[in-house]
Each structure stands twice: as C-alpha cells, then as structure tokens.
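In what follows, a single structure is set out as structure tokens and then discussed.
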Amino acid sequence: MSMLTPPGMGGKYRITGDVYPRMRRPHRRRRIVLASAAAVVVLGAAGWGTLQLVDVFSGDGARKTTAGKQADCKPAPTPSATAAAKPPKPAQVTVNVYNATPRKGLAKATADELKKRGFAIGKVGNAPAAYDKKVPGAGVLLGAPTATKGAFAVLGTQLAGATTKVDARTTADVDLIIGTAFKNLSPKATADAALMALNKPRPAPTRC
C-alpha cells in the first residue's frame, strides 16, 4: 500500500504513482438549489401577471370609463347666452322712490342720486299708507314678479340690506321704499363693482 493511500481504502481507490482518486460531491444539493431558484422565478412571474390583470380590470378600466364620461360631458349654456338671463342696464330700470320715514326730503335726494348713477326715475314722494313708517329696515324693493329676474338685482346693488317684495302690478317699474334704518345709498364705487359682478358671465356647469 502506498503511503498516499488513506487507511481503509483499497482496491480501485488504491493510489499508485501520481494518480489520485477524485472525490465528487453528491448532486442532490445542486438539484435542490436549482429547483428553489426555478420556484422563485415561477412565483415572481405569476405575481407579475396577477398585478397586470388587476390593473387592467380596475385602474385602466376606471380611467377609460372616466375618460369616456368626460368626452360625453358638454357644457351647459351660460345664463348670459340668452337675452332673458342678461340683467337690464340701470337706464332700463324705472325707479319710483318713496319715503316711509319721518325725515323730509329723503325721497328726492335719493332719487337725484339714483338718476346720477344712470337709473330712470318715475314717481317721487311719500310712501303709501300700507308702508308709511312701517319699514324698519333700510328699504323695500317692490315690483311685479318679473322684477325678480333682473330689476331687483340691479337696483339692489345700490342699497345694501334692502328686502324685496312682489305685488300685482303688470308694469316694469320698481318701487324703492326707504325705511327707518336707511342712511345712504351704497357708495358709488361699491355699487359699480356689484354691477360689474352681476354682469360677469358665470362658468357654465357641465351636463353629462
């Protein structure tokens, strides 16, 4: 037996000369590693595919549905698109000014100021008995039901805190009945800004 031969090894494992036996590791561990790697790849591919399916049936579908709805939505006509919705100009509003307070000359002074601001002036005098000394606020705007579509809003820019009321008249004139709390008309700059805002077109709502 050669000195290079380990104890207990003989036969084909006997080492002679410069030839050594080659000790090979079993293939079982390599197979386990390869099988584990293949399992990880398969699971990763399955997970990616699941995410793609979820995205298709949820995210993309919702985006396409939203895009379709947005494409079908059309802006509704703006109120200023029709002549009926456009508020009248001050010169188109005839105002009757009545004084319901004990203070003298208040109706004429107010009528003169409204005339300077472009309004047409009708009757000027003391308030009728139904309102005389019975208006506790700044004033009452009184007119036909059609006045609610524009005349009240235009005249209301001149007197903050005025209330509105309709009666049975069929004419387009509007009454301004001055109340006990009245001090002055709104400052002209404030009234002009309110008129500009009133005539400014509003954004059209979408109609789907």
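The values are calculated or read from the model by the stated rules, or taken from the named source; none is laboratory data. Bear in mind the structure is a predicted one, so any value in this text is a computation, not a measurement. So basically every Cβ, Gly included, is an ideal-geometry build from the backbone, and we count neighbours across all protein chains shown. Remember, those area values only see protein heavy atoms, side chains included, never the ligands or the DNA or RNA. Shrake-Rupley method; radii C 1.70, N 1.55, O 1.52, S 1.80 Å.
List of remarks:
- On the stretch given as the range 99-128, residues that are in a strand (DSSP E or B) and within 42 Å of the chain's Cα centre (by Cα) total 2.
- Of the criteria (1) under 25 Å from Lys200 (Cα atoms); (2) modelled with pLDDT of 95 or more; (3) surrounded by 14 or more Cβ atoms within 10 Å (Cβ to Cβ), which one Tyr131 fails: (1)
- Among the conditions (1) modelled with pLDDT under 95; (2) open to solvent by less than 30 Å² (accessible area, probe 1.4 Å), the only one that Lys200 does not satisfy is (2).
- Exclusive hit being more than 29 Å from Ala85 (Cβ to Cβ) and polar (S, T, N, Q), set Thr101, Thr171, Thr163, Thr148: Thr101
- Residue-level check: of (1) open to solvent by 60 Å² or more (accessible area, probe 1.4 Å); (2) within 19 Å of Lys86 (Cα to Cα); (3) assigned to a helix (DSSP H, G or I), Ala153 misses just (1).
- Qualifying residue in the range 137-149 (condition: open to solvent by less than 70 Å² (accessible area, probe 1.4 Å), of a type outside the set (D, E, K, R) and in a helix (DSSP H, G or I)): yes
- The requirement of being over 14 Å from Lys89 (Cα atoms), assigned to a loop (DSSP other than H, G, I, E, B) and over 35 Å from the mean Cα position of the chain (by Cα) is fulfilled somewhere in the range 183-192, by at least one residue.
- Filter result (small (Gly, Ala, Ser) and crowded, with 17+ Cβ neighbours inside 10 Å) within the range 156-173: Gly156, Ala162
- Every test in (1) touching a residue at least 12 places away in the same chain (Cβ under 8 Å); (2) out of contact with any Asp or Glu (no Cβ under 8 Å at 6 or more places or on another chain); (3) open to solvent by 30 Å² or more (accessible area, probe 1.4 Å) is passed by Gly122 save one, and that test is (2).
- Within the range 174-194, being over 26 Å from Ala127 (Cβ atoms) and open to solvent by less than 70 Å² (accessible area, probe 1.4 Å) holds for Asp192, Ala193.
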